[in-house]
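Any read-out appearing in this document is the output of simple, stated calculations on the displayed coordinates, not a laboratory observation. Computed from a predicted model, the values in this text were never measured in an experiment. Heads up, the Cβs are rebuilt from the backbone with ideal geometry, glycines too, and the neighbour counts pull from every protein chain shown.
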Amino acid sequence: MKRWVLIALLATACTKSSGEGAPVVDGSYMVYRVSQPMGADVAEYDVKVSLAKQGNVYEMTIESTEPGETFEPLRVDERLVPETNVIGAYDLGRLWLPPEGRAPGKRTPCGTVSKAQKYRNWEAFRVDGLCGRAQGSRHYEKSTGMLVGFVLGQTSGYLKESG
């Protein structure tokens, strides 16, 4: 009996959202510039992630300037986590690293956090590991925890614009 109570408590603790939410509001968006090798050429395109508040969740839409790619909108919580736990579109993984994950050695759903260092124009934590189906590095801005870049195999991207 004690064993089942412990399992139930752990399951609740692992699924319950705690603490603050991501620093986004209704209408927030992020545009990532993605570079992907295509044979001898490199394809470059933008991926726009938009958020629309619907009650206590957000509807996340993902659009791209890459021809032929479409994705169904996702429902995400205030921490920008979908029911599937990671954002599979473009292997984004997670868009926000909460404060409790912003320290070297911390383990997150997308890997292990390294010390903050310069990434493009940001001071950012690098998270290395498997997130969904993509092994790689994701960079989260030190103070906000928002995803500002990623390197997934030969594909890379960085935050071009947000609002």
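Between Ser162 and Thr84, what is the spin-label point distance in nm, taking each point 7 Å from the Cα along the Cα→C-beta axis?
Using points 7 Å along Cα→Cβ, the separation is 2.2 nm.
Could you tell me how many degrees, from 0 to 90 and to the nearest 10, lie between the Cα long axis of helix 2-15 and the main elongation axis, the longest principal axis, of the Cα atoms of the chain?
So the inclination is approximately 30 degrees.
Based on the Cβ-Cβ distance of Ser114 and Ser143, what FRET efficiency does E = 1/(1 + (r/R0)^6) give at R0 = 25 Å, to the nearest 0.05? Before the final figure, lay out the partial values.
Working: r = 17 Å, r/R0 = 0.67.
FRET efficiency, Ser114 to Ser143: 0.90.
Are any of the pairs Lys118/Lys142; Lys48/Lys106; Lys53/Lys106; Lys48/Lys118; Lys115/Lys142 more than 20 Å apart by Cα-Cα distance, and if so, which? Walk me through the numbers before you get to the answer.
Working: Lys118/Lys142 10 Å; Lys48/Lys106 29 Å; Lys53/Lys106 30 Å; Lys48/Lys118 24 Å; Lys115/Lys142 10 Å.
With Cα atoms farther than 20 Å apart: Lys48/Lys106; Lys53/Lys106; Lys48/Lys118.
Which label marks the calculated value of Rg and Dmax of the Cα atoms in Å, given the options [x] 21.0, 76; [y] 23.0, 73; [z] 16.5, 62?
Comparing each candidate, only [z] matches the computed number.
Once phi is turned into ³J(HN,Hα) by the Karplus curve 6.51 cos²θ - 1.76 cosθ + 1.60 with θ = phi - 60°, what whole-Hz value does each residue of the range 149-162 show in order, with x for glycine and proline?
Result, rounded to whole Hz: x, 7, 9, 10, x, 8, 8, 9, x, 9, 6, 8, 7, 8.
Note down the relative contact order for the chain as a percent, whole number, built from C-alpha pairs under 8 angstrom at least six residues apart. Show your work: numbers first, answer last.
Working: 322 pairs, mean separation 31.3, N = 163.
Worked out over the chain, it gives 19 percent.
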